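Take a look at the structure below.
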Amino acid sequence: SVTSPSYGLYFNNYTTANTVGITIDNVSFSGVTNSAITVIDADAKLVTIQNCPTITAGTYGIYTDAIDQSVITNCGISNCGGTGIYITNSGAVTINSYTISTITISNCGGYGVFINNGSAPVTTGYSLTGLDISNIGTSAANYSAISLQNANNVTISSSTLASDSDGYGIYAVGGVSLDINTNTSITAGDATFAAVYISGATSPTIGTAVSI
């Protein structure tokens, strides 16, 4: 259990290039004023964050930048001042796979999950499944349960996604191949906002088993 530091766990260019393998397993975080878990390394691979039942933080629950072939699974994230899971790619690395599964996110001030692939035309692949996201964007309007910025090859399935009273279910700008399918329920905050907002994305697909 990690309680009350500025950051919970912070890995930044933590060893030499092409580092393979970090596992954060069964750790709880509370009272963290910044991010609970931060991993930043343009050469990192195979980062696993799993079985963390309680993640609360002043800003981000989990923040990763430019890491590949990684998994976040079976975690509970709540009461973060900012975004639950924030994924960015400032290093413009190829992300062959990034899996987020069986995650509960609630009562966060920003987004539930935010994925920003930057402006570089690199290949990415994200799988989001088994997410339960609710009461998102409590600090301000226009936040969404899931926000995608230039993220390529994203699959969202078997999830329940709901923002606060003034936000989108899914907000996607740019990117290629967005597939929303299989028992996914998406709810906007109110009639002012769309359950799914897509702009400039190529080849989006919304399956017949999606409830909006």
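The values are calculated or read from the model by the stated rules, or taken from the named source; none is laboratory data. Here the structure is a predicted model, which means the values were calculated and not measured. Cβ: placed from backbone, ideal geometry, glycine included. Neighbour counts: every protein chain shown. SASA here: full protein model, heavy atoms, side chains in, ligands and nucleic acids out. Shrake-Rupley method; radii C 1.70, N 1.55, O 1.52, S 1.80 Å.
Taking only protein heavy atoms into account and a 1.4 Å probe, give the accessible area per residue of segment 127-202 in Å². Intermediate results must be reported in sequence, preceding the final value.
Working: 2810 Å² over 76 residues.
For segment 127-202, the per-residue accessible area is 37 Å².
Quick check for you: with a 1.4 Å probe and neighbouring chains kept, what is the accessible area per residue of segment 1-112, in Å²? Walk me through the numbers before you get to the answer.
Working: 4210 Å² over 112 residues.
For segment 1-112, the solvent-accessible area averages 38 Å² per residue.
Using the basic label-point model (7 angstrom from Cα toward the beta carbon), what is the T208 to S158 distance in nanometres?
My value for the distance between the label points is 2.1 nm.
Near T88, within a Cβ-to-Cβ distance under 15 Å, what is the net charge of the other residues, with Lys and Arg +1 and Asp and Glu -1?
Numbers: positive: none; negative: D41, D65, D68.
Combined, the nearby Lys, Arg, Asp and Glu give -3.
Dividing the Cα radius of gyration by the Kirkwood radius, what Rg/Rh value follows for segment 61-150? Display every interim value, and only then the final one.
Values: Rg = 12.6 Å, Rh = 13.1 Å.
Over the Cα atoms of segment 61-150, Rg/Rh equals 0.96.
Tally Lys and Arg at +1 and Asp and Glu at -1 over the other residues with C-beta under 13 Å from the C-beta of A141: what net charge comes out? Spell out each step's value before the answer.
Values: positive: none; negative: D164, D166, D190.
With Lys, Arg at +1 and Asp, Glu at -1, the neighbours total -3.
Find the Rg to Rh ratio for segment 55-105, where Rh is the Kirkwood radius over alpha-carbon pairs and Rg uses the same atoms. List each step's numbers first, then the result.
Values: Rg = 11.5 Å, Rh = 11.5 Å.
Expressed as Rg/Rh, it is 1.00.
How big is the Rg/Rh ratio for the chain, C-alpha atoms only, Rh by Kirkwood, two decimals? Don't skip to the answer; put the middle values down first.
Details: Rg = 15.9 Å, Rh = 16.7 Å.
We get a ratio of 0.95 for the chain.
For a distance above 22 Å, tell me the whole-number percent of Cα pairs in segment 120-212 that qualify.
On the way: 939 of 4278 pairs.
So the pairs more than 22 Å apart make up 22 percent of the total in segment 120-212.
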